[in-house]
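Here is the structure we will look at, set down as structure tokens.
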Amino acid sequence: MSLDPIVDMAVKMKYQSIKEQAGFSVMKMALDRAEQSGRDVVEMAESAEPASAPAGSFPGSIIDISV
């Protein structure tokens, strides 16, 4: 077996490895961002006014639905 096919195979294997690592990195970043967004939503929900508050008084509400 000559050197060229071995080098070609090694380069292809390295390329595949790098491609998989990049894919995993992108997936991890997306999952981390989704997890952080979930935490933000939970924190926002926990800091919101209690359910007994008058309707339409949520900070930043656009429409006042109180009667």
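Each reported figure results from applying straightforward, stated rules to the coordinates on display, with no laboratory input. What you are looking at is a predicted structure, and each value in this text was computed from that prediction instead of being measured.
Tabulated data for the structure shown
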item: Residue-wise HN-Hα coupling along region 41-47, computed from phi with Karplus coefficients 6.51, -1.76, 1.60 (Hz; x: Gly, Pro); result: 5, 5, 4, 5, 5, 5, 8
item: Table column - 3J(HN,Hα) (Hz), region 13-30, Karplus curve with 6.51, -1.76, 1.60, x for Gly and Pro; result: 5, 5, 4, 5, 4, 5, 4, 5, 4, 5, x, 5, 5, 5, 5, 5, 4, 5
